1. Mind listing which trypsin sites (Lys or Arg not before Pro) in the stretch 1-32 are in a DSSP loop and have 11 or fewer other Cβ atoms within 10 Å?
2. Using 1/(1 + (r/R0)^6) with R0 = 30 angstrom and r between the beta carbons of LYS26 and SER73, what's the FRET efficiency to the nearest 0.05?
3. With r as the distance between the Cβ atoms of ILE6 and PHE42 and R0 = 25 Å, compute the FRET efficiency 1/(1 + (r/R0)^6) and round to 0.05.
4. Residue by residue, what Karplus-based ³J(HN,Hα) values in Hz, rounded to whole numbers, does the stretch 27-39 have, using 6.51, -1.76 and 1.60 with θ = phi - 60° and x for Gly and Pro?
5. Once you list every other residue whose beta carbon is under 14 Å from the beta carbon of GLU64, what net charge do they have if Lys and Arg are +1 and Asp and Glu are -1?
6. How large is ³J(HN,Hα) for each residue in the stretch 55-69, as worked out from phi by the Karplus curve 6.51 cos²θ - 1.76 cosθ + 1.60 (θ = phi - 60°), to whole Hz, x for Gly and Pro?
7. Please report the equivalent ellipsoid semi-axes of the stretch 1-63, computed as sqrt(5 x eigenvalue) of the Cα gyration tensor, largest first, in whole Å.
8. Under 5 Å between amide H atoms, partner at least 5 residues away or on a different chain: which partners does THR31 have, H built in plane at 1.01 Å?
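No value in this document is a laboratory result; all are computed from the given coordinates. The model shown is predicted, which means the values in this text are computed figures rather than measured ones. Here the Cβ positions follow ideal geometry from the backbone for every residue, glycine too, while neighbour counts run over all protein chains shown.
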Amino acid sequence: MYGGKIGLPELSVLLFLVFFVVAWVKIVLKTGHSGWMVLLVFIPLVNFVFLVYLAFSTWPIEKELQRLSKANSSAPLRTNVPHSQ
C-alpha cells in the first residue's frame, strides 16, 4: 500500500491494540483464569458473554474474603484482653 511504510494511523491502532490486550490479560488473570481467555474478546458476541460472565462471577478475592469472614465468625471472642494505654 504505502511501500512498506507504517504511518501514524497504523502505529496508533497497533499501540491501542497492544494496550487493549495487556489490560484484558491483567483483568482475566485477576479473575483467576488463564490469560489465553483474552482470545475470546476477539470473537463477536462471545466477547459480550465473556464480559457479562466476568462481571457477575465470584472472583478469587471475594471467595477469600468469604472464607476469612466465616473463619473469624467462628472464632471465640476474647473478652479478657487487657487494653494498653
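1. Working: sites: LYS5, LYS26, LYS30; in loops: LYS5.
Passing sites in the stretch 1-32 are LYS5.
2. Working: r = 33 Å, r/R0 = 1.09.
It comes to 0.35.
3. Numbers: r = 22 Å, r/R0 = 0.86.
Result of the calculation: an efficiency of 0.70.
4. 5, 5, 5, 5, 7, x, 9, 6, x, 5, 5, 4, 4
5. Details: positive: LYS30, LYS63, ARG67, LYS70; negative: GLU62.
Here the charged neighbours net out to +3.
6. So the J values, rounded to whole Hz, are 5, 10, 7, 8, 7, x, 5, 5, 5, 5, 5, 5, 5, 5, 5.
7. Numbers: eigenvalues 196, 31, 13 Å².
Each semi-axis is the square root of five times an eigenvalue, giving 31, 13, 8 Å.
8. Hits under the 5 Å cutoff: none.
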